[in-house]
Amino acid sequence: MQTDEKELIARILDGHAEDFGYFLERYSQEAFAIVVRLVPQQEDAEELVQDAFVRAFNHLETFGGRSSFSTWVCRIAYTTAISWLRKRRMKYLSIDDRPQLTDTEVDEAFDDESRIEELRHAITLLKPDEQTLITLYYYDNRPLNDIAYILDVESNTLATRLHRIRRKLYLLMKHGTNN
Amino acid sequence: MEQTIKDRALKKALTPEEPRQLPSNFPYLTLRRIKEEQRQEERRQHKMAIVTTILVSLAGIAALLYMVGDVLWKSLVSICNQPDAFVLVWPTLFCLVFFALLNHWLSRQYKDTKKVL
C-alpha cells in the first residue's frame, strides 16, 4: 500500500471522513466490476457497492495493510454481494463434472472463438464464486494470492478449483448445445 | 500457466458486452450516506448516554433511600421544624440558575469552536 494511502487512512480514523472520497474515486469502479457480474441489475449492484464502501469505512481500523486497499475493498464487495444473493436464495445449476474429459478437449473449446456465445451463456450458469474466480483470473489477471484473499479461500486450492470450473464450463456448453 | 496465449474465447466471453459504470456522483452520494450514518450513530450514542445516566442516577438514589432513607427523612423533618430552615433557599436557587446559564453559554461556545475547526 502506498504511504499516501496509509496517511489518508490515519486521517480518516482521526475524524476526517471526507478523505474517504479518495478511496471511493479510486476503487469503486473496481469493486463495481466484481459485483455487477454477480448482480446484473444496475441499481442493486450500485447499492451493494455503496453498502460495501460504508462497511469498509465503518471497519477501517481493522484494515491492517496485509493486502492492498483495493483487494480489501473488493473482498468486502464480494462478500456483500454473496450475502445478498444468499438471502434471495438463487438457484444455480449443479452438474456432474466427473465424466471422462481430456484437457485438450476443454482447451480447444475455450480457444474456439465461434463458441463465444455458448461460453457466455455457460458462464451465467456457474455459481457466483465460480464466476468471480474465473473473471478475476482470466479477465482481470489478478495474482492468485489476491484472488484467494478476495474469495476467502486457500490459495493452494485455486488451481484445482480453476481446473474443475473449466471442466464444468465445458460440460455446461455441451449441455446447452444438446438442449 | 499458459492462459495468456490460450483461452482466447474464454477471455472474450468474460469481456462485458456493454461496459457498465457507476454514476459519476457515486463518491458524493456514498460520502453523504456515510456522514448521515455517522450523525445517526452520534445521536444514538447521545441518547444512550442520557438513558444510562438517568438509570444509574435512579439506581443510586434508590440504593441511598434503601440504606439511609429513614435517617434522611428524620433529619429533613427536624430541619424543617427549625425557624431559620428556609434561609438558604433563595441563594441556592440563585446559584443553580447561575450554573445552568453558565453551562448553556459554555456549550454554545464549544459548538462554535468545533464549527471553526
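Descriptive notes on the structure:
- B:ARG33 falls short on exactly one of the conditions (1) closer than 30 Å to A:ARG142 by Cβ; (2) more than 8 Å from every other protein chain (Cβ to nearest Cβ); (3) not in a loop (DSSP other than H, G, I, E, B), and that condition is (2).
- All conditions in (1) within 14 Å of chain A (Cβ to nearest Cβ); (2) surrounded by 10 or more Cβ atoms within 10 Å (Cβ to Cβ) hold for B:GLU18, with the sole exception of (2).
- Helices (runs of 4 or more DSSP H) contained in region A:103-179 and holding at least 3 residues in contact with a helix residue (DSSP H, G or I) (Cβ under 9 Å, 6 or more places away or on another chain) and within 13 Å of chain B (Cβ to nearest Cβ): A:103-111, A:116-124, A:128-134, A:158-178
- Residue check for B:PRO27: surrounded by 10 or more Cβ atoms within 10 Å (Cβ to Cβ), modelled with pLDDT of 90 or more, over 14 Å from the mean Cα position of the chain (by Cα) and outside any helix (DSSP H, G or I): no
- Near pairs, Cβ below 9 angstrom, 6+ apart or cross-chain, from region A:78-95 (farther than 13 Å from A:LEU126 by Cα and of a type in the set (Phe, Trp, Tyr)) to any residue that is at pLDDT 80 or above and not in a helix (DSSP H, G or I): A:TYR78/A:ASP152; A:TRP84/A:VAL39
- Test: residue in region B:63-73 that is part of a helix (DSSP H, G or I), of a type in the set (D, E, K, R) and within 33 Å of the chain's Cα centre (by Cα): no
- One residue stands out in region A:57-69 among those that are more than 21 Å from A:PRO143 (Cβ to Cβ) and touching a helix residue (DSSP H, G or I) at 6+ places or on another chain (Cβ under 9 Å): the one that is farthest from the other protein chains (Cβ to nearest Cβ), namely A:GLU61.
- All of A:ARG66, A:ARG55, A:ARG37 fail the test of being part of a helix (DSSP H, G or I), out of contact with any Lys or Arg (no Cβ under 7 Å at 6 or more places or on another chain) and surrounded by fewer than 21 Cβ atoms within 10 Å (Cβ to Cβ), apart from A:ARG55.
- Each residue in region A:24-45 was checked for being touching a Phe, Trp or Tyr at 6+ places or on another chain (Cβ under 7 Å) and at the interface with chain B (Cβ under 9 Å from one of its Cβ atoms), and 3 of them qualify.
- Scan of region A:139-179 for residues that are surrounded by 19 or more Cβ atoms within 10 Å (Cβ to Cβ) and aromatic (Phe, Trp, Tyr), ordered by number: A:TYR149, A:TYR170
- Candidates B:LEU93, B:LEU76 - the one that is aliphatic (A, V, I, L, M), surrounded by 10 or more Cβ atoms within 10 Å (Cβ to Cβ), in the same structural domain as B:LEU65 (by TED's automatic domain parsing) and outside any loop (DSSP other than H, G, I, E, B): B:LEU76
The values are calculated or read from the model by the stated rules, or taken from the named source; none is laboratory data. Bear in mind that the values here come from a model prediction, so they are computed numbers and not experimental data. FYI the Cβ positions are ideal-geometry reconstructions off the backbone, even for glycines, and counts take in every protein chain you see.
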